Each structure stands twice: as C-alpha cells, then as structure tokens.
C-alpha cells in the first residue's frame, strides 16, 4: 500500500500526469506549448506543478537564449519510466469514456 | 491528451488509487478496513471518495445485515480493469523511492 501512496504523492492532482504526457509525447516541450496542451490549466498552476516535478527529478528545465527567452522542459530517465503508466492511463481513459457515456 | 484527462478526472486526488488498491487487494472490503488501509484519510473524505467511485461505476456498495450494520465495497468489472495501472503504480512507487532517497 505504501508504494502506491509514494506514487500518488508524486503524481497526485489533476494536472501532473497530463503535463508529463505532454512533455513525453514531444520529448522536449516549451512552457507555452504545455500551457496549450493541458486544457484548463492556469499559468500559475503550471509553474507550480513543473517545479514539483523538477524537485521529484522527473523533468529538467533548460533556459534557451532566444528573444524573448524561452524555457524548455524535458523528461529525465526517471521521468521516462512513467511511459508505461501514461500509455495505460490513456487506454483506460478511452475505455472509461465508453463505459460511462457509451461513445 | 483528452483520454489521459478523462482518466485523471476519475482518479485524481491523493486517495482514490489507494482506496481502489485496498478493495482490489482483498476483493471485498468494509468501510472500516479501508479506513485502516489508507493511512491518513479521514472518515468524511473516505465517504466522499467512495461515493465518487460509485458514481463512476468503479465500485459497488452492499449493506450487510449485521449487528451493527456493516457496509462492504467491491470492484465492478470496470473497476477491475484498473488492476494493471495499480500494479504499475506500485512498481513505480518502489522505483521512485529508490531514486529519491536511495532505499
């Protein structure tokens, strides 16, 4: 039971898995792109969630010397180990939608 | 991306996956047992989360005619389809603990 709690302590909340899957899907992703990918998330919430994911060694943050400056995120090797869970959650989401609203 | 959001809309929060894994592990589980399994959850929060899981057709609720009355929960077939995700989250939780605190 504790191991599941460890996972959920890192991944809990409505947004983290969606943020990780956005970065995971494109391998490298800028802040503004993630903001578009994850429907409904605010700028402030995204910053907070990204910081927590960084603290948990799931992503790295790179500042690109562009005009204006852009910040890019990438999964660490540890972050990539979530790929299977993300795929399973995607499949399950489709199955759940079918079960609940039948389409 | 939407499919992941569908999953997380159902499973979000710190407790749901732990509640499901408690019921899943024992196949049938009483309210008081789940309360003990899921460390830190309050009586009120557990009631709310169980209601949401029931609404999403993941569990069923049975009132047993005992003295005092007991309420028992069981996974539906749809709920059981979460087994793979729960196993993966358990494995990942162990891996994450190793990565972060090295034991």
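Here, each number is a calculation from the coordinates, and none is a lab measurement. As the structure is a computational prediction, the values presented were derived from the model and not from experiment. Neighbour counts are summed over all protein chains in view; Cβ atoms, including those assigned to glycine, are modelled from backbone coordinates with ideal geometry.
Key figures
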{"read-out": "Calculated [θ] (222 nm, deg cm²/dmol) that DSSP helices of n ≥ 4 give over chain B, each run adding -39,500 (n - 2.57)", "value": "-18500 deg cm²/dmol"}
{"read-out": "Nearest-ten-degree value, helix B:43-55 long axis tilted from longest Cα axis of chain B", "value": "90 degrees"}
{"read-out": "Residue B:84 paired with residue A:26, simple spin-label distance in nm, labels 7 Å along Cα-to-beta-carbon", "value": "2.8 nm"}
{"read-out": "Neighbouring partner chain Cβ atoms per residue of A:94-100, average, 10 Å criterion", "value": "6"}
{"read-out": "Shape call, segment A:2-101: gyration tensor on alpha carbons, a/c limit 1.5", "value": "prolate"}
{"read-out": "Tilt relative to chain A, helix A:83-101 - C-alpha long axis, 0 to 90 degrees, to 10", "value": "50 degrees"}
{"read-out": "Acute angle (nearest 10 degrees) that the helix A:16-26 long axis makes with the longest principal axis of chain A, alpha-carbon atoms", "value": "70 degrees"}
{"read-out": "Cα-based shape type of segment B:56-100, given that a ≥ b ≥ c are square roots of the gyration tensor eigenvalues and the cut on a/c is 1.5", "value": "oblate"}
{"read-out": "Largest-first ellipsoid semi-axes for the protein assembly as shown, taking √(5λ) over the Cα gyration tensor eigenvalues, angstrom", "value": "34, 18, 14"}
{"read-out": "Euclidean distance between Cα centres, segment A:1-47 to segment A:54-103, Å", "value": "6 Å"}
